[in-house]
Every structure is written in structure tokens, then in C-alpha cells.
Amino acid sequence: MEAVEIFEVGPRDGLQPEPEFVETAKKIGLINRLTEAGCRRIEVTSFVNPKWVPQMRDAAEVFAGITKKAGVVYSALIPNLKGLERALECRLEEVVTIMSTSESHNKKNLNTTVTDQLKIIEEINHAAKQAGVRVRSYIATVFGCPIEGPMESQKALDIALALESFGSYEISLGDTTGMAGPDSAYHIPKMIQRALKKARLAVHYHKYFGLELANNLASFNAGIRIFDGAAGGLGGCPYAPGAKGNCATEVLTEMFRRMGIETGIDQKKIEEAGAYAQTLSTLLHQKEACSC
Ligand code: MG
């Protein structure tokens, strides 16, 4: 049976933009539900400066409090070397870096230039390798930037090749504000996957009137087999006005189930985890009210 991998980002990417602090026990409750649903890869938190992202100030407590299951990789986003240090203290086996193809979004999100952030990720890779930690890397705004508009796919390709050369074992192409369409979701990942020699390629789509599902399917048809999703469709981007949530994991898994493709995730349990995730969000309800 054909299979795909789902990378669950709900506890981090889903909850990070929430304006009201989500209690640590509730974050842990979500992650444990995701583990029980069969998720094998979960981005649990972000080791980011709590001054900038107070929502993730309990990163170490969350990581210490979850029930870890053998065979499940619990990772965390780190914006810089300081974040890596904190992640290493918690003995994570995988960290996730981020940068944008767009200078403006990179500046707003990370307060660095594209060139400087590449250098930081190179240093992270170097230090992580010495510590025996794997590095996954996001490239944001691949399919368009809310500030700069359409992005040249050549930029994403150049960054992907640089990340691969630094040692990132997996690269995820992010559609930060839901600007991709089935055509770009087919051609851009296919072009980048062809150019990569070692690194695995994933896609990360955000909601836009259901196009996120069409985009995931287009990328599947282009040969991609790793998909990011957030239970409950939570998320957004605090530095990208109008950004809607991530593609809901339970919708993604249901699509693959109906195609006869194995995800390893229990459909009923992931739907329950998604419903639980939605109870933690105030942003989701505000956005739904606004988009009418
Ligand atoms: Mg996202």
C-alpha cells in the first residue's frame, strides 16, 4: 500500500499565533492526543524569545510534560542558536529552522536579512550535527508573500539548495498565507525535488477556501510524500496580516484514506484531537466570524 508521512504542526504552528495564553496542561493534552492518534512526527513547541512570543514561553515545560511514545519524533522550532541551546538542554532529537524567500517577511518574522538567516541556519546545522540532532528546515512565503506579492520560484530553489548543503535533512515549502494554487503546488515542489540530491521535501499549505486540499493533492501528484498539517486547522502568522490557519490534519488524512494511501493515523482519533485543538483557539473563531 502506498504511504505518506504527516508532519503535525498544530501544537507549535497552530497555537503560536493565539493571542491568549493556552495553559501548559492543555498544550500537553493536545500533544498526547496526537500521539495517541498515531502521529509519528509532532512539532511540539518553539524555543523562541518569550519576549516576542509569550505563547511559547512554556516550551521546556511542555516538552518535559508530554507522554513520549517510542518511535515518535517530537521536534521544536528554533529561530537561532540560542533556541538550539535551549532545545539541546531538553534533549530533542530534531529541531526545525525557518526563513523566508521574501526579505520583508524574513525581516518581520525573524528580524534578519535572508543572507544573515542563511548564515544562522548554517551555524545551527553545524552545532546540531555535533550534538547528533537532525535539522528540518522551513522555507516560508515560497508561493507568494503577503507583503511583496508573487515570489520567484528560483529564490526558493536557491535557498533549498543552500539548506541541503548545510545538512538540513528535510525541507518544507511553506505557503505562509494560502497563496498557492494547484498549478504552483504541482510545479514548484516538483522542480525543487528534482534539484535536491539528498534532502527530503515536504509541503506546508495554509487554508484558503479549501484550496489547501487541492494544493496538497497537486503536490502529491508531483511526487511529494511528506505533508504538514495542524489538527483542527489552527494557526496563522502574526506577521502576515490575513493569514489563515494551516491545512487541517484530519482533512488531509481523510483525503488520503479515501485514496487508499496509508498515513498511519487513526481517522476518528485525529478528528477528536482536531476538535480538542479548536477548543483551545480563540483566533479560529474570530477569523471565521471575520471571513463571512
Ligand atoms: Mg504554517
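Among the listed residues Leu196, Leu217, Leu173, which satisfies the condition of being surrounded by fewer than 20 Cβ atoms within 10 Å (Cβ to Cβ), at pLDDT 95 or above and within 19 Å of Glu122 (Cα to Cα)? Explain how you work it out, then say what you get.
Working: Leu217 fails: within 19 Å of Glu122 (Cα to Cα); Leu173 fails: surrounded by fewer than 20 Cβ atoms within 10 Å (Cβ to Cβ).
Residue meeting the stated conditions: Leu196.
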### Message
Which residue is surrounded by the fewest Cβ atoms within 10 Å (Cβ to Cβ), if the candidates are limited to the range 34-71 and must be under 22 Å from Gly236 (Cα atoms) and more than 17 Å from the chain's Cα centre (by Cα)?
### Response
Lys51
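Could you list, in sequence order, all residues of the range 148-180 that are more than 13 Å from the ligand (Cβ to nearest atom) and either among the polar types (S, T, N, Q) or touching a His at 6+ places or on another chain (Cβ under 6 Å) (or both)? Full working, then the answer.
Step one: of the range 148-180, the residues more than 13 Å from the ligand (Cβ to nearest atom) are 148-171.
Correct list: Ser153, Gln154, Ser165, Ser168.
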## Note on the structure
Flagged pairs (Cβ under 6 angstrom, 6 or more apart or on separate chains; first in the range 173-199, farther than 13 Å from Gly223 by Cα and in contact (Cβ under 8 Å) with a residue 24 or more places away in the chain; second open to solvent by 70 Å² or more (accessible area, probe 1.4 Å) and within 16 Å of the ligand (Cβ to nearest atom)) are Gly178/Tyr208
### Task
Could you tell me whether any residue of the range 89-111 is in contact (Cβ under 8 Å) with a residue 12 or more places away in the chain, charged (D, E, K, R) and open to solvent by less than 10 Å² (accessible area, probe 1.4 Å)?
yes
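The values are calculated or read from the model by the stated rules, or taken from the named source; none is laboratory data. Bear in mind the structure is a predicted one, so any value in this text is a computation, not a measurement. Don't worry about glycine lacking a Cβ; one is built from the backbone with ideal geometry, like all the others, and counts go over all protein chains shown. The protein model used for the area step is the full one, side chains on, heavy atoms only, and it has no ligands, DNA or RNA in it. Shrake-Rupley method; radii C 1.70, N 1.55, O 1.52, S 1.80 Å.
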